[in-house]
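Just below is one structure, and these are the notes that go with it.
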Protein chains: 2
Amino acid sequence: MTLQTTPTETWAASLRSVGRRVTKQRLAVLAAVERSPHSTADDVVSAARAELADITVQSVYVVLSDLTVSGLLRRIEPPNSPARYETRVNDNHHHAVCTGCGRIEDVDCAVGHAPCLTPSWSPGSSRMTIQIADVVYQGLCTDCREASPEDVPAFPEHTEKH
Amino acid sequence: MTLQTTPTETWAASLRSVGRRVTKQRLAVLAAVERSPHSTADDVVSAARAELADITVQSVYVVLSDLTVSGLLRRIEPPNSPARYETRVNDNHHHAVCTGCGRIEDVDCAVGHAPCLTPSWSPGSSRMTIQIADVVYQGLCTDCREASPEDVPAFPEHTEKH
DNA sequence: GCCTTATTATGAATTACTCACATTAGATGT
DNA sequence: ACATCTAATGTGAGTAATTCATAATAAGGC
């Protein structure tokens, strides 16, 4: 027995800090998501079952949802894909989805300040108090770009503004 | 009979311009989405049936999907909601979703230039050729803010950067 | 160890959407 | 106006992702 803090102990502490009990199901889910970020619920079921053979699909859904609400996981909903989860929660980073193969990459920030939280409203819109700005980029990753037969330039209307 | 261009005639012209036949189903769907932007497929079914009683759910799905591909409609996928559609397609505007009531407002542009297309990549990410950047804001609309018992400030980590 | 209740398992149900195939109806040419 | 071609829609079934109600189990405080 070592006195070092293991990853499992760290997750256990995180669970307690948000007022949740430490269960092997939650630890297995957290470990699975940490090992492969941007996992789907299905991915998590497979990965978690490697260390906890009889965890159920429904439990994984419940755990993922609960951990998202308590702030230990972040849920992202990419286009044309089931929801995905990641353990990187304390920075407001964004995501880029490859339209060719569906792979997802992390993006730190588009600009160095807070444009996302100070939107310019369209006419007729009432103003909201903005708390989160999620940016989803879509494009081609290097692999798919090489494999694609034609050149696919950025859409004109997107290069003018933004 | 007037010689003025009616909304229907305008939609008919748009359909022809993208190489699509003009059908009453497509016109009903376009009119429905134009009348209530950010409609779900279900909303469109209800609205379209007011003028075309026996249009099927499946046809609405097919029409929405086809018109999205041909560029007459834009599809948005807000969190915790089925896909929604709008006719405002030729500007790259974004959306704000109220976490209280789910209402959606249009947002013109966060900043005046193109930060969305020049992301700063996280370490370990490979670079993609970005073509689209969709921004989804989440917050509280004025109605929900008044109704909410406690003050809900913006998250600290989101005010620092972005 | 016991007790409380948070958590997980069980099984069914639902929502949002897609698919294969048959039928109908725009658009084009005569 | 009519025939023809095939895009477009209707029909009916099927699926993926997720949620729900309720019963069984197991953390954590005493």
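The values are calculated or read from the model by the stated rules, or taken from the named source; none is laboratory data. Since we're looking at a predicted model, the values are computed, not measured. Here the Cβ positions follow ideal geometry from the backbone for every residue, glycine too, while neighbour counts run over all protein chains shown. Surface accessibility is based on the protein's heavy atoms, side chains included, excluding ligands, DNA and RNA. Shrake-Rupley method; radii C 1.70, N 1.55, O 1.52, S 1.80 Å.
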Exercise for review: Scan the stretch A:94-122 for residues that are at pLDDT 75 or above, open to solvent by 30 Å² or more (accessible area, probe 1.4 Å) and not in a strand (DSSP E or B) and report the count.
Suggested key: 5
Review point. Which residues, taken from the stretch B:26-78, are among the hydrophobic types (A, V, I, L, M, F, W, C) and not in a helix (DSSP H, G or I)?
Key: B:52, B:53, B:55, B:72, B:73, B:76
Exercise for review: Using the structure shown, decide if residue A:89 is within 11 Å of chain B (Cβ to nearest Cβ), more than 30 Å from residue B:65 (Cα to Cα) and away from DNA strand C (no atom under 11 Å from the Cβ).
Suggested key: yes
Point to revise | Residue in the stretch B:57-73 that is farthest from residue B:44 (Cα to Cα), counting only those that are within 10 Å of DNA strand D (Cβ to nearest atom) and among the hydroxyl-bearing types (Ser, Thr, Tyr) | key: B:70
